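The values are calculated or read from the model by the stated rules, or taken from the named source; none is laboratory data. The shown structure was predicted, so the numbers you read here are calculated from the model rather than taken from an experiment. Glycine gets a Cβ as well: all are built from the backbone with ideal geometry, and neighbour counts include every protein chain shown.
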Amino acid sequence: MAFATKRTVLFGDCDPAGVIYTPRISYFVVEAVHEFLAVALGGPAVRELFSMGILPPARAMSIEFLAPFTWDDELTITVVPTEVGNTSFGFTVAARKGAIDEVFRAAFTQVCVSPETKRPVPVPDRLARILIAARGA
């Protein structure tokens, strides 16, 4: 299931030249994944994950920049679950400006960690089922 959300690039997201400030893209990725998870889990994403007994830190993120964009550009950002491992889960995130201009593509992986031990733990069954169902749709 490709989930889509809109994000308007703010003036503060840009560098002095008026082009997107590179580190801000990671915020766009995380925000879009959290929106996807909120819809998929039926409540605020991080609170829902906490209620499953896990912390969800990032394990890996890669971003490919494909075209420039600047403030006031409206992006359509899609999120698709890609992998569900034993202790981690991942997404592909892509953003378009307008109907056809893809501006970035990202891969984002999170790991499930115990709040008590801070060690990896298995992906909760409920989360795995939701992500696998969304991936297969």
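Observations
- Set Gly98, Gly85: member being surrounded by fewer than 20 Cβ atoms within 10 Å (Cβ to Cβ) and modelled with pLDDT under 95: Gly98
- Among the residues making up the stretch 68-88, those that are more than 18 Å from Ala133 (Cα to Cα) and either of a type outside the set (Asp, Glu) or in contact with a strand residue (DSSP E or B) (Cβ under 6 Å, 6 or more places away or on another chain) (or both) are Pro68, Phe69, Thr70, Trp71, Asp73, Glu74, Leu75, Thr76, Ile77.
- Long-range neighbours under 8 Å by Cβ, at least six apart or interchain, first residue over 22 Å from Phe91 (Cβ atoms) within the stretch 1-27, second aliphatic (A, V, I, L, M) and surrounded by 17 or more Cβ atoms within 10 Å (Cβ to Cβ): Cys14/Ile20
- Against the list (1) surrounded by fewer than 18 Cβ atoms within 10 Å (Cβ to Cβ); (2) in contact (Cβ under 8 Å) with a residue 40 or more places away in the chain; (3) over 18 Å from the mean Cα position of the chain (by Cα), the condition Phe69 fails is (1).
- Selection status of Leu66, of a type in the set (A, V, I, L, M) and touching a Pro at 6+ places or on another chain (Cβ under 6 Å): no
- If you go through the stretch 22-65 and pick out every residue that is surrounded by 14 or more Cβ atoms within 10 Å (Cβ to Cβ) and in a loop (DSSP other than H, G, I, E, B), you end up with 3.
- Among the candidates Ala40, Ala45, the residue that is within 20 Å of Ser88 (Cβ to Cβ) and touching a Leu at 6+ places or on another chain (Cβ under 6 Å) is uniquely Ala45.
- Selection within the stretch 99-121 - part of a loop (DSSP other than H, G, I, E, B) and under 20 Å from the mean Cα position of the chain (by Cα): Cys112
- Scanning the stretch 6-21 for residues that are surrounded by 18 or more Cβ atoms within 10 Å (Cβ to Cβ) and part of a strand (DSSP E or B) returns Cys14, Ile20.
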